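Undergrad: Pasting a structure below so you can have a look.
Nothing in this text is a laboratory measurement; each read-out follows from the coordinates by a stated rule. Worth saying up front: this structure is predicted, and the values here are computed from it rather than measured. Here the Cβ is made from the backbone with ideal geometry for all residues, glycine too, and neighbour counts use every protein chain on show.
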Amino acid sequence: MGIHYDYKSTKSAKLMEKQAKREKKLAEKKAKRLAKEGPKEEEPKAPTLDASKPITLDFLTNPDKK
C-alpha cells in the first residue's frame, strides 16, 4: 500500500486535528489578552430622556436645570 492510498483515508482526521489546534491556540491568545487587559469597566451611561415628556426650549437651552 502506497502513501497515496493512505492520504485520503486520514485526510479528514488530520483536518479536524488541525482545526482543533488552531481554535485552541486562538482561545489561549484571547485568554492571555483578556488577562493582560484586566476586567472591563463599564462607562457611565448618560441619563436618557423620558419619552412621555415633551422637549421644550427651556430644557434645551438651560444648562443648569437637570
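Undergrad: Determine whether ASP64 is in contact with a Lys or Arg (Cβ under 9 Å, 6 or more places away or on another chain), surrounded by fewer than 10 Cβ atoms within 10 Å (Cβ to Cβ) and of a type outside the set (S, T, N, Q).
TA: Considered against the rule, which asks whether it is in contact with a Lys or Arg (Cβ under 9 Å, 6 or more places away or on another chain), surrounded by fewer than 10 Cβ atoms within 10 Å (Cβ to Cβ) and of a type outside the set (S, T, N, Q), ASP64 comes out as no.
Undergrad: Here is a follow-up. I'd like to verify a number: residues in the stretch 11-61 that are more than 31 Å from the chain's Cα centre (by Cα), part of a helix (DSSP H, G or I) and surrounded by fewer than 10 Cβ atoms within 10 Å (Cβ to Cβ), how many?
TA: Count: 4.
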